[in-house]
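The next block holds one structure in the form of structure tokens; read it before the comments.
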Amino acid sequence: MALKFPDTPDFTGPLYAPSRFEGVVRDLEVMGTVPAELNGRFVQVSPDPIYPPMLGDDIFFNGDGAVTSFHFSGGHVDIQRRYVETERLTRQRAARRSLHGLYRNPFTDDPSVKGLNRSTANTNIVPFNGMLLALKEDSLPYAMNPATLDTIGEWDFGGQIGNAPFTAHPKFDPENGNLLAIGYEARGLATRDIVYYEFSADGKKLHEIWIEAPYASSVHDFAVTPNYVIIPVPPLTSDRDRMEKGGRHFEWQADLEFQYGVMRRDGDGSDIRWFTGPGCFQAHVLNAYEEDNAVHIDMPSADGNVFFFFPEADGSAPAPETLHFHLARWTFDLQSNSNIAVHTNLLDLPCEFPRCDPRVSGLPYRHAVMLGCDMSLYAMDRLGPPPWQFFNMLAHFDVATGKYEAWSGGDAECFQEPTFVPRSPDAPEGDGFVLALLNHLETRTTELVILEALDLAKGPIARVKLPFRLRMSLHGNWLPEATQAA
Ligand code: V55
Ligand code: FE
């Protein structure tokens, strides 16, 4: 029987051809020196389809979650890769084929998986209370063992929450390690309901707030400051009727404004205020903080729909190379009666996958690490147009001075999301290391590069060579040794 992935951009080439393997390699090759301070695990997750798509083609966001874990100890690095054993994957393995249809459209699934958990657990993986939580924003988390990557199972916090979807971008309160999360479409497909939760570091639910967004849309990320929760609602809407007719989960609606909900973190949601800004595209939050009677949120922003696979109703989407990106700050003045989100352009350069020092999450901050893109450094003549989500710069941005410093991995290379690791628990903000996967497009190989966050231009202090290529991934995190389960 033939088993073949499609010859489409989402399944071919040096960045998107599926990797699909699981395994362990001890003592990876290292060029340079892995800093002795790095003891722990760098864990990240990639959508990596295990079977060809049931409907002939599919989007990157619909692949099965494959977790890659780099274990650092005493300058040595081991790697382990395993799939999250979701219900979806278990069913596929038994049938030896894909059983799910369109991205987040259960009406297009094979009848044999009707009503089962659809999570791919493919978007982010975070440490929590001795476990890893593998996250997809349409479902509850899947818990995994951080040391073995064994899947423990769907995680509803020991029955403390219902079955509502759980964000792939939870936050940690740097004050106490509390886990802060939202779920959207929280009362069913395409509902406007959003739930906010706060859990203690040892797993007890401390607070729960329910609100309704102005419209049902993709709330991919959010922010929490000491007193406020900020919920960005983009003009990327969902519609149950469309799904029932076999259509897409999300559709870009160019006529809508961007909405930002701001509510007290200790309240019941009745105080929520909706601020509006121009209908731009924003997915990820760099950071947010309070200043006097205002709240700021900093987000990479584009002037049109980046997700061309969720086009407008007429099927249109701008060509990716025509979009203009910048780092936006949106300010919400809580004293004023105005509901306008006030815009500041922090950095007029393309950027995505932004990270701050986790110790200043929700607090005034200075240092940002992110990916950038400089097409003039890319060998277009040799390689042709770049793959989607092509970022060839690893960048540090000083929010206080506006200084931007970046390292290019080469003219045929691109990065996956960077992670910042503080040099030590009490090192100054921003003082530490940046870890990022670097894909070599021409040789189809992958390295993990390690740089000094405050001297990126110097290039890697260590390159960890992988004896295989890793597919493009989404998000990951650093787990210091001390936080790990026995
Ligand atoms: C994103 C990714 C997703 C998803 C929704 O990067 C939004 C944004 C990997 O899946 O389901
Ligand atoms: Fe994301």
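Just so you know, all these numbers are worked out from the coordinates, no wet-lab data involved. Note that the structure is predicted; figures quoted are calculated from it, not measured. In this analysis, Cβ positions are derived from the backbone assuming ideal geometry, glycine residues included, and neighbour counts consider all displayed protein chains.
Counting Lys +1, Arg +1, Asp -1, Glu -1, what net charge surrounds THR331 among other residues with beta carbon under 15 Å of its beta carbon?
Local net charge: -3.
Take the eigenvalues of the Cα gyration tensor for the chain, scale each by 5, and report the square roots as semi-axes in whole Å, largest first.
Equivalent-ellipsoid dimensions as semi-axes: 30, 28, 24 Å.
Between Rg and the Kirkwood Rh of segment 313-352, both from Cα atoms, what is the Rg to Rh ratio?
Computed over Cα atoms, the ratio is 1.16.
In Å and from the alpha-carbon atoms only, list the Rg and Dmax of segment 142-292.
16.1, 49
In what sequence do MET380, MET370, MET54 fall when counting other Cβ within 10 Å, fewest first?
With the sparsest Cβ surroundings first, the list reads MET380, MET54, MET370.
So for each of 178-185, 402-409, 257-264, 63-70 I average, over its residues, the number of other beta carbons within 10 Å; can you give me the resulting order with the highest mean first?
63-70, 178-185, 257-264, 402-409
Which whole-Hz ³J(HN,Hα) couplings does segment 125-135 yield from phi under the Karplus relation 6.51 cos²θ - 1.76 cosθ + 1.60, θ = phi - 60°, glycine and proline marked x?
Listing the rounded values in order: 9, 10, x, 7, 6, x, 10, 9, 10, 8, 10 Hz.
My understanding is that a pair violates if its Cα-Cα distance is over 19 Å; which of LYS403/LYS465; LYS114/LYS245; LYS136/LYS171; LYS171/LYS204; LYS403/LYS458 do that in this structure?
Over 19 Å Cα-Cα: LYS403/LYS465.
Take the Cα atoms of segment 207-275, build their convex hull, and give its volume per residue in Å³.
Convex hull of Cα atoms, per residue: 98 Å³.
I'd like the projected area of segment 289-367, averaged over all directions, using the convex hull of its alpha carbons. Report it in nm² with one decimal.
7.0
Sort MET131, MET1, MET472, MET375 so the one with the fewest other Cβ atoms within 10 Å of its own Cβ comes first.
Exposure proxy ranking, most exposed first: MET1, MET375, MET131, MET472.
Please give the net charge around THR123, taking every other residue with its beta carbon less than 10 angstrom from that of THR123, where Lys and Arg add +1 and Asp and Glu add -1.
Net charge in that neighbourhood comes out at -1.
Rg over Rh of segment 5-153, using C-alpha atoms and the Kirkwood radius, what does it come to?
1.01
Can you pull the percent of Cα pairs in segment 360-426 with separation above 15 Å?
Value for segment 360-426 (Cα pairs over 15 Å): 60 percent.
Considering just Cα atoms, how many Å³ per residue does the convex hull of segment 208-330 enclose?
With only Cα atoms used, segment 208-330 gives 109 Å³ per residue.
Using the Kirkwood formula over every pair of different C-alpha atoms, what hydrodynamic radius in Å results for segment 326-457?
16.1
Express the relative contact order of the chain as a whole percentage, based on alpha carbon pairs under 8 Å and six or more residues apart in sequence.
Relative contact order, the chain: 13 percent.
As a check on your grasp of the helix formula, calculate [θ] at 222 nm for the chain: sum -39500 (n - 2.57) over DSSP H runs of n ≥ 4, divide by the residue count, round to the nearest 500.
-1000 deg cm²/dmol
By counting other Cβ atoms within 10 Å of each Cβ, how are LYS204, LYS171, LYS136 ranked from fewest to most?
Least to most surrounded, the residues fall as LYS204, LYS171, LYS136.
May I ask you to derive the relative contact order of segment 339-486, considering only C-alpha pairs under 8 Å and at least 6 residues apart, and to give it as an integer percent?
Reported as a whole number, the value is 18 percent.
Count the net charge of all other residues whose Cβ sits under 15 Å from the Cβ of GLY459, scoring Lys and Arg as +1 and Asp and Glu as -1.
-4
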